[in-house]
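Reading through the structure tokens given below for one structure.
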Amino acid sequence: MSLEFITKYLPLYEKAAWLTVRIGFAGVVLSIVIGLLCAAIQYYRIPVLSGLTAVYIELSRNTPLLVQLFFLYYGLPKIGVRTDAQVCGMAGLAFLGGSYMAEAFRSGLEAVEKIQMESAQSLGMNRYQTMRYVILPQAFSISVPAFVANVIFLLKETSVFSAISLMDLMFTAKDLIGLYYKMTESLFLLVVFYLIILLPVSILGAALERRVRYAGFGA
Amino acid sequence: MPDLGLEVLLKGQNMERLLIGLLAALKISLVSVAVSLPLGILLGTLMTWKNPFIKAVLRVYLEIIRIMPQMVLLFLVFFGTTRAFGWDLSGESASVIVFSLWGTAEMSDLVRGALISIPLHQYESGEALGLSKVQIYRYIVVPQTLRRLIPLSINLITRMIKTTSLVLMIGVVEILKVAQQIIEANRTASPNAAFGIYLVVFLLYFFACWPISVAARYLEKRWR
């Protein structure tokens, strides 16, 4: 292992890591928004929309991100929808993550038993209060483990971005391997940087899971 | 109306080549599934044992595999081990190794989860009825574990099929690679073919995974 090589190319990896973090974060935030919307649509069984949401969820969950990205990045421009690689990466991650988040939130909402809503109503709470003080807090704590798993899953999925020529960590590693044949150093840096990104998220996620485990009413 | 890829697909054996590409990807995932399921069951059962050493070793294995993106694992095995051990590894073998390691880790966690979800009183009631240890497992624990496990492992299979698309990145010729070749070969005649062809690839993956997901959901509901 050559320390010189590592220090020389460290800034390159740092730049790539920031790209991964930036697109990953934006993708996760968008996924949460889409997930909340879809979960609400399905929970309230809004006609037409809930059918469309179901189709979207099936399409998104049963296809790989890499194939989705290829279609978005290489396919769509052919019918005039041109996007740059970063937007494409975010859109792809949001398309994939939205359905995973929707499933996490929806199963949380559905896991809250009906008796909870009935009891709240018999106490004289209106629909908003029932949602705000009874249903959502319980649904939230039930969805947290799936939510945390999804965030980590989505951050890991960003590793395919190099396929649409985004200069992320994988791209950098592959590039250096191709250019200098410095396998050990390139791969070592790759692993270290992914650990720097993913370990804190994983530890925070585990802490969050412990923190919200209090709610177990009606179970 | 310019050709968006449909004509190209119907030309020659292009559609057939695409399907063969899909089969190449499916083959890698199915071989890995065949390795992962039994190994995962074995390791998952070991994880519920009380031996702290075995527990620690398996835990470390699981966490290392889980925290790394599968792409990184592919690179480590395909580029890293070939350099470190000097062996010659094809892209296909590297993929099977990686997906088996990963699948085994995921499967073992599912097995462990299913096993520890069986409440202690199930074992105790079995003992109180005078059943032997083998009988308790055969008639009480295993059937209940399987009901929880089978839908989850079917889901794991679809995840493994989807993850196989990554092998493109280490030079394995599979469906996406074939799609690229077809688009490249017809660049002048149908410059817009990428749209239709990648859409078809997308749909092919969907129809490979969707029935499996539906089966998993059906079993989950039925066996609840």
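Key figures
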| item | result |
| --- | --- |
| Filter result for B:Phe202 (modelled with pLDDT of 90 or more and under 19 Å from the mean Cα position of the chain (by Cα)) | yes |
| Residue that is farthest from the other protein chains (Cβ to nearest Cβ), among those in region A:45-100 that are outside any helix (DSSP H, G or I), out of contact with any Pro (no Cβ under 8 Å at 6 or more places or on another chain) and more than 27 Å from B:Arg217 (Cβ to Cβ) | A:Asp84 |
| Out of A:Glu110, A:Glu103, sole residue that is assigned to a helix (DSSP H, G or I), farther than 20 Å from B:Gly5 by Cα and over 19 Å from the mean Cα position of the chain (by Cα) | A:Glu110 |
| Hits in region B:168-224 - residues which are within 15 Å of A:Pro64 (Cβ to Cβ) and aromatic (Phe, Trp, Tyr) | B:Tyr198, B:Phe202, B:Tyr205, B:Phe206, B:Phe207, B:Trp210 |
| Answer residue from region B:151-168, given it is among the β-branched types (Val, Ile, Thr) and under 8 Å from the mean Cα position of the chain (by Cα) and is most open to solvent (accessible area, probe 1.4 Å) among those | B:Ile157 |
| A:Phe193 vs. criteria modelled with pLDDT of 90 or more, among the hydrophobic types (A, V, I, L, M, F, W, C) and out of contact with any Gly (no Cβ under 8 Å at 6 or more places or on another chain) | yes |
| From B:Arg224, B:Arg187, B:Arg217, B:Arg159, residue being over 19 Å from B:Gly21 (Cα atoms), in a helix (DSSP H, G or I), more than 9 Å from chain A (Cβ to nearest Cβ) and of a type outside the set (A, V, I, L, M, F, W, C) | B:Arg217 |
| Of all residues making up region B:1-42, the number that are touching a residue at least 40 places away in the same chain (Cβ under 8 Å), outside any helix (DSSP H, G or I) and either within 20 Å of A:Thr63 (Cα to Cα) or not hydrophobic (A, V, I, L, M, F, W, C) (or both) | 4 |
| Residue within region B:136-145 that is among the aromatic types (Phe, Trp, Tyr), open to solvent by less than 60 Å² (accessible area, probe 1.4 Å) and at pLDDT below 95 present | no |
| Unique match (being aromatic (Phe, Trp, Tyr), farther than 23 Å from A:Leu96 by Cα and touching a helix residue (DSSP H, G or I) at 6+ places or on another chain (Cβ under 9 Å)) among A:Phe147, A:Phe188 | A:Phe188 |
| Set B:Arg59, B:Arg66: member being of a type outside the set (A, V, I, L, M) and within 19 Å of A:Phe153 (Cβ to Cβ) | B:Arg66 |
| Criterion: facing chain A (nearest Cβ under 8 Å), in a helix (DSSP H, G or I) and not charged (D, E, K, R) - qualifying residue of B:Leu204, B:Leu199, B:Leu149 | B:Leu199 |
| Residue match in region A:125-137 (condition: in a helix (DSSP H, G or I), open to solvent by 50 Å² or more (accessible area, probe 1.4 Å) and within 14 Å of chain B (Cβ to nearest Cβ)) | no |
| Positions within region B:43-75 being open to solvent by 30 Å² or more (accessible area, probe 1.4 Å), assigned to a helix (DSSP H, G or I) and in contact (Cβ under 8 Å) with a residue 12 or more places away in the chain, in sequence order | B:Leu43, B:Thr45, B:Leu46, B:Arg59, B:Tyr61, B:Arg66 |
| Selected residue (criterion: surrounded by the most Cβ atoms within 10 Å (Cβ to Cβ)) from residues of region A:146-184 that are within 8 Å of chain B (Cβ to nearest Cβ) and among the small types (Gly, Ala, Ser) | A:Ala173 |
| Region B:77-106: number of residues that are more than 27 Å from B:Thr45 (Cα to Cα), of a type outside the set (A, V, I, L, M, F, W, C) and either assigned to a loop (DSSP other than H, G, I, E, B) or away from chain A (no Cβ under 12 Å) (or both) | 6 |
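The values are calculated or read from the model by the stated rules, or taken from the named source; none is laboratory data. Keep in mind that this is a model prediction, so the values were computed, not measured. In this analysis, Cβ positions are derived from the backbone assuming ideal geometry, glycine residues included, and neighbour counts consider all displayed protein chains. Each accessible area value is taken on the protein alone, full model and side chains, heavy atoms only, with ligands, DNA and RNA left out. Shrake-Rupley method; radii C 1.70, N 1.55, O 1.52, S 1.80 Å.
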